[in-house]
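The values are calculated or read from the model by the stated rules, or taken from the named source; none is laboratory data. Quick caveat: nothing in here was measured; it's all calculated off a predicted structure. Note that each Cβ is placed from the backbone with ideal geometry, even for glycine, and that neighbours are counted across all protein chains shown. The accessibility values were calculated without ligands, DNA or RNA, using every heavy atom of the protein model including side chains. Shrake-Rupley method; radii C 1.70, N 1.55, O 1.52, S 1.80 Å.
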Amino acid sequence: MDQEAIQQKAEELDNSRPLYMWRLSDHPEAKAAIDHVFYEINDAGMVSKRYKDKWRGVVRAIVLDLFVANKTDPTMYIAYSRNENDYKVESRYGSYFLSGQIVIQFVDYLKDNDYIEHHLGFNADGRGRLSRMRATDNLINILVEEHEVTVPMIEHNPDEQVIILRDADKKDIEYEDTPEVIQMRENVHLINRNLAKHAILLEVTDDDLTDLQKRLDRKLNFADKRLRRIFNNESWEQGGRFFGGWWQNVPREYRKFIRINDKDVVECDYSGLHINMLYAMDKLPMPKGDVYYLEGYPNDDTFRDFVKRMLLIMVNSDNRDAVRRAIHKAVHYKKSLKLPSEIPSTKGKDLNPILDAFEDKHEPIKKYFCSGVGIDLQNKDSIIAEKVLLKFSEWNLAILPMHDSFIIHHSQEKNLKKAMRKDFKDMFGVTSEVDLKYSSIEERRKDNPESEACDKSLEELFEERKSYETYELLLKEHRRLKKVL
């Protein structure tokens, strides 16, 4: 294969995600589909009695993950390692059924029987790729046509570790349980059990969903509702935020289309959360007015978004050069931030005046800028988030964390604001403003005024409903399976 062909292959295979071994389902349809494949390999003489449970666990996890990947994006591959040592059998992040040897043997069986399209790992453009696989129609037909498996049937294995401790290189590390860690784990499990009961979906047309999936680095899978807390730098006092919900990967402009049990939502956030925390830590009053507005600079949406991100980066970075690099990356590589026309470039000479302006505006707390204090503040906001999430989970109400904000059923707006203010005050002794970021009811009215809706014919309304086929299908399946709506 020539270099051009290798590069073309690499670009195709880069539409991938890592193998996720924590899929589970208690539904008879899914169990029957897993048994279908398991009995095949058992009849082929591959399964020993001693390791029967391990084999069944591996078959269940891989088959269900291939199915979920296919339903998320049929062109997407799953990356996996063929090095047996990469599977954490003895780790707290592993499980009883994890075995690198069995994983590789089972993948080879799937390949040999045309259940997957398979590509061995290789090097291209200076970096290596793990081996890749994706389900063929033969495997999908077993699940869908023969056993009628659907995505809402797929759940997370409760054995998956939900409290993660990482080192400075962001690698998961082992730790000893303490009463505090055990309680945190139980709290996350309670929150996750509540989220599992609710249909949390995105009400967009199939065409819009396809466009969104192409845009995202990480594909949306509406079964991914399970949260984890991730702590950093080998410390229980750094980080600790909640991660894992699919809604956390949705661009801001799409959040108004999130629905909980087919109902509209609101999103409420703390006003200038980390800045507010820094003033509160030093027992200083928050300055009046907009914490992001800089005298002499514009305040349009583009400029405001830019300076809000810059201030957040200033709090989380160790020095000014790190701020510049982060801004440059966001503007030119991730393209998640637009450079205002008033700022010529992301070079230091053009960004430093804005950093100076922020230090002048927030002179009482400027010692914290470019000090790396952000990771400590994340720990504090994660503690507040845990309290808010637990409160609504105990009431069986779905609540979605976005780190400094929360998404909830629109009827709970007042209760959410009250809880957020109380838990902030309990920690810092002062109150914090809580803003309504958006109400999807109001957004829906803007997009679909009643006068326009009344003018639509029955045929138009019917066609409109058909264009939301994925949303309607997932909602219908959730209602049938969970029976909670």
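Details
- Accessible surface of segment 1-53 [probe 1.4 Å, protein heavy atoms]: carbon and sulfur percent: 48 percent
- Dipole magnitude (debye, nearest 20) for the chain, charges at Cβ of Lys, Arg, Asp, Glu: 1260 debye
- Helix axis angle, 374-394 relative to the chain longest principal axis, alpha carbon, degrees: 70 degrees
- Helix 469-482 axis, angle to the chain major axis (alpha carbon atoms, nearest 10°): 80 degrees
- Segment 313-403: proportion of alpha-carbon pairs further apart than 23 angstrom, %: 43 percent
- Globularity index of segment 135-218 is 1.57 (Cα radius of gyration / 2.2 N^0.38 Å, N = number of residues).
- Ranking Ile102, Phe306, Phe424 by how far each Cα lies toward the positive end of the dipole of the chain (charges on Cβ) leaves Phe424 at the top.
- Ranking Val144, Asn233, Asn85 by Cα position along the charge dipole of the chain, where only Lys, Arg, Asp and Glu carry charges on their C-beta atoms, puts Asn233 farthest toward the positive end.
- Annotation: extensible slack from Asn233 through Val430 equals 68.0 nm (criterion: 0.36 nm per residue apart, minus Cα-Cα distance).
- Listed residue (Asn187, Leu209, Ile173) projecting farthest to the positive dipole end of segment 157-242, Cβ model: Leu209
- The length gained by stretching the chain between Ala322 and Asp43 to full extension, at 0.36 nm per residue less their Cα-Cα distance, is 94.6 nm.
- Compactness of the chain as Cα Rg over 2.2 N^0.38 Å, two decimals: 1.06
- Converting the Cα gyration tensor eigenvalues of segment 1-153 into ellipsoid dimensions via √(5λ) gives semi-axes, longest first, of 26, 19, 14 Å.
- Scanning the chain for chymotrypsin sites (Phe, Trp or Tyr not before Pro) in DSSP loops with at most 15 neighbouring Cβ atoms within 10 Å leaves 176-292 as the longest stretch between them.
- Length-normalised contact order for the chain - Cα pairs under 8 Å, 6+ apart - percent: 16 percent
- Cα-based Lys pair tally, segment 143-260, threshold under 24 Å, eight or more apart or on separate chains: 11
- With the convex hull constructed from alpha-carbon coordinates only, segment 230-342 shows a mean projected area of 10.1 nm² over all directions.
- 20 Å reach of a label modelled at Leu216, 7 Å along Cα-to-Cβ, counting backbone N of segment 3-40: 13-24
- Those residues of segment 81-122 whose amide nitrogen sits under 19 Å from the label point placed on Gln8, 7 Å along Cα→Cβ: 118-120, 122
- Each label point was placed 7 Å from the Cα along the Cα-to-Cβ direction; for Tyr93 and His410 their separation is 4.2 nm.
- Two-site label geometry, Lys422 and Glu174: point separation in nm, points 7 Å out along Cα→Cβ: 4.2 nm
- Rounded to the nearest whole Hz, the Karplus-based 3J(HN,Hα) values (6.51 cos²θ - 1.76 cosθ + 1.60, θ = phi - 60°) of segment 216-225 follow the sequence 7, 5, 10, 5, 7, 10, 6, 7, 7, 10, with x at glycine and proline.
- Using a cutoff of 8 angstrom between alpha carbon atoms and counting only pairs six or more residues apart, the relative contact order for segment 284-383 works out to 33 percent.
- Cross-link partners for Lys361 among the lysines, with Cα-Cα distance under 18 Å and sequence neighbours closer than 8 places in the same chain left out: Lys283, Lys288, Lys308.
- Arg82 versus Met281: modelled label distance in nm, points set 7 Å from Cα along the beta carbon direction: 4.9 nm
- Stretched out straight at 0.36 nm per residue, the stretch from Lys466 to Asp208 would grow longer than its current Cα-Cα span by 91.6 nm.
- Principal-axis tilt of helix 413-428 within the chain, Cα atoms, nearest 10 degrees: 70 degrees
- With all protein chains kept in place, the per residue accessible area of the chain amounts to 51 square angstrom at a probe of 1.4 angstrom.
- Mean separation of Cα contacts under 8 Å (6+ apart) over length of segment 236-315, as relative contact order %: 16 percent
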